[in-house]
Structure formats: structure tokens, C-alpha cells
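> There's a structure below that I have some questions on.
The values are calculated or read from the model by the stated rules, or taken from the named source; none is laboratory data. Bear in mind that the values here come from a model prediction, so they are computed numbers and not experimental data. Note: ideal-geometry Cβ built from the backbone for every residue, glycine included; neighbour counts use all protein chains shown. In case anyone asks, the SASA skips ligands and DNA or RNA and just uses the protein heavy atoms, side chains included. Shrake-Rupley method; radii C 1.70, N 1.55, O 1.52, S 1.80 Å.
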Amino acid sequence: MKNEIIIYISNNILNCYLKREKKYYTWNLSSKIMKYGKIIHRPKFQKELTFFFKKEKILKKFQKNILYFLVPPNFEEIDKEILKLSVEDINIYELKIIKENNLYSLRKNIMWINLNENYAYLSIKTNHHMLTILWNSSQGYSLIDFIKIQLKNYPKIKKLILIGSNRKIPEISNQLFVATKKRVLYYEEYDKYLIKTFLRHNLL
């Protein structure tokens with residue numbers, strides 16, 4: 001029997017969904033463990049992930065624990081290796097890594113914006129490939145000004161779609177509409193979009 005676990009982390013908040021129980025969990029990680037959705041301190045991450053699994057009884061002793069990890073669009077091979085090392089001593093039967101942009105409906109006229117508290121990933125489909133642009137609050141531009149600059153570089157973009165953990169997404173969507181004159185949309189459960197889309201696409 002399989003115990004399928006889906007995890008997505010942003011802003012040091014671990015979002016977990018157990019498929020069989022149909023149950024969501026959220027867990028706060030310590031600071032300086034994650035940066036822009038990537039692990040920057042492996043020992044601390046491994047320790048806190050292990051504690052979370054034990055505390056919430058996530059792992060099932062006599063089942064195949066399969067962990068699906070949803071990761072940022074620019075997750076590279078070194079990031080994958082760090083993640084694999086982080087779970088190698090945990091009772092995980094199989095680890096599967098899925099880039100979040102594989103869950104978008106990418107088109108040339110749409111910009112996807114995964115907005116968190118102090119950073120955002122902007123994803124655009126160009127003629128040749130999928131382009132990901134990182135914004136963070138220390139760059140010297142506000143998010144809205146940064147998006148306006150990118151829209152000048154990619155004038156074919158007609159629609160912006162916002163998802164992410166930032167609770168101001170509805171307010172920011174209105175501001176973007178006024179500032180850009182583009183169509184701006186966000187999902188009702190924007191903070192759960194990635195996990196819900198993953199489940200809906202039946203990628204387990």
C-alpha cells in the first residue's frame with residue numbers, strides 16, 4: 001500500500017498534503033533554512049523535516065512512503081542533490097521532484113506569478129523555451145515596477161495569473177490591473193493552487 005505525500009515550501013512554511021487521508025498540514029520551519037524555495041541549510045532542514053514527519057505521524061511504518069516534492073522553476077541539479085541527501089535517512093520509499101512550472105498552462109501571452117512574502121517567480125513562455133525571472137524585495141524595485149519592466153520586454157503578454165502564499169494577492173492583483181492595464185487573475189485558493197493542480201492532473 002502506498003502513502004503518497006505532497007510537499008511544497010515557501011517562506012519557510014512547509015505545506016504538506018496526505019493523499020489517502022485527504023488532509024493538509026502546514027508547518028513553520030526555522031529561518032535561514034530556505035531561500036526562495038530552495039534549501040540553504042541541509043542539516044537543519046533534515047532535522048526539522050524529520051521532526052515534522054514524526055510529530056504529525058506523516059510516515060506510515062508498513063507502507064511505501066512516496067514523497068512528491070514540488071520545487072521552484074529554477075531548481076537545478078545541485079538543489080536536487082541537496083534534497084535527496086536531506087531525505088536519505090528518512091523512511092522514504094521513493095522521492096519524486098516536480099518543477100512547479102510543469103503545473104502551469106504556459107502560453108506566450110500569459111505571465112504566471114508565484115508571489116510569496118518577499119520574493120516572486122515570474123514564468124513566461126518564449127519562442128524557444130520557458131523563462132523564469134526571480135524578483136525579491138531587496139532588488140530595489142517594487143514588485144509592480146519590476147513586472148512593468150518585464151512587460152515592456154515581453155509586449156505579447158496580455159494576462160497575468162497570480163498564485164502563492166502572499167495573503168495580499170487579491171489587493172496586489174487590483175494594483176497590477178491599474179498599473180499595467182492587463183487582465184489580472186488569481187485563483188480562489190491561490191496558496192493551495194500547486195498542490196491542488198498536481199492532484200487534479202493525477203501525477204501521482
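> Within the bounds of segment 64-79, is there any residue that is touching a Gly at 6+ places or on another chain (Cβ under 8 Å), not aromatic (F, W, Y) and not in a helix (DSSP H, G or I)?
Within segment 64-79, one or more residues are touching a Gly at 6+ places or on another chain (Cβ under 8 Å), not aromatic (F, W, Y) and not in a helix (DSSP H, G or I).
> Can you spot a residue in segment 183-190 that is among the aliphatic types (A, V, I, L, M), closer than 22 Å to K108 by Cα, surrounded by 18 or more Cβ atoms within 10 Å (Cβ to Cβ) and touching a strand residue (DSSP E or B) at 6+ places or on another chain (Cβ under 7 Å)?
Yes, the conditions are met somewhere in segment 183-190.
Quick grid of which residues meet (1) within 29 Å of L134 (Cβ to Cβ); (2) of a type outside the set (D, E, K, R); (3) open to solvent by 10 Å² or more (accessible area, probe 1.4 Å):
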site	(1), (2), (3)
C16	yes, yes, no
K22	no, no, yes
L49	yes, yes, no
K61	no, no, yes
L70	yes, yes, no
N74	yes, yes, yes
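> Please give the number of the condition K99 fails out of (1) under 17 Å from L199 (Cα atoms); (2) surrounded by fewer than 12 Cβ atoms within 10 Å (Cβ to Cβ); (3) within 15 Å of the chain's Cα centre (by Cα).
All conditions are met except number (2).
> Same structure again: Can you spot a residue in segment 191-204 that is out of contact with any Cys (no Cβ under 6 Å at 6 or more places or on another chain), among the hydroxyl-bearing types (S, T, Y) and crowded, with 17+ Cβ neighbours inside 10 Å?
Yes, segment 191-204 has at least one match.
> Further question on the same structure: Which condition number does L134 fail, the rest of (1) open to solvent by 30 Å² or more (accessible area, probe 1.4 Å); (2) in contact with a Gly (Cβ under 8 Å, 6 or more places away or on another chain) being met?
Among (1) open to solvent by 30 Å² or more (accessible area, probe 1.4 Å); (2) in contact with a Gly (Cβ under 8 Å, 6 or more places away or on another chain), L134 violates only (2).
> Here is a further query. Which of the residues that make up segment 102-121 are assigned to a loop (DSSP other than H, G, I, E, B) and either buried (at least 17 other Cβ atoms within 10 Å of the Cβ) or over 13 Å from the mean Cα position of the chain (by Cα) (or both)?
Y104, S105, L106, R107, K108, N109, N116, N118
> Scan (1) crowded, with 17+ Cβ neighbours inside 10 Å; (2) part of a strand (DSSP E or B) for the single condition F53 breaks and write down its number.
Looking at each condition in turn, F53 falls short on (2).
> Quick one: is K156 touching a residue at least 24 places away in the same chain (Cβ under 8 Å), surrounded by fewer than 18 Cβ atoms within 10 Å (Cβ to Cβ) and not in a helix (DSSP H, G or I)?
When the stated conditions are applied, K156 passes them.
> Filter segment 76-91 for residues that are open to solvent by 30 Å² or more (accessible area, probe 1.4 Å) and hydrophobic (A, V, I, L, M, F, W, C); which is farthest from Y119 (Cα to Cα)?
L85
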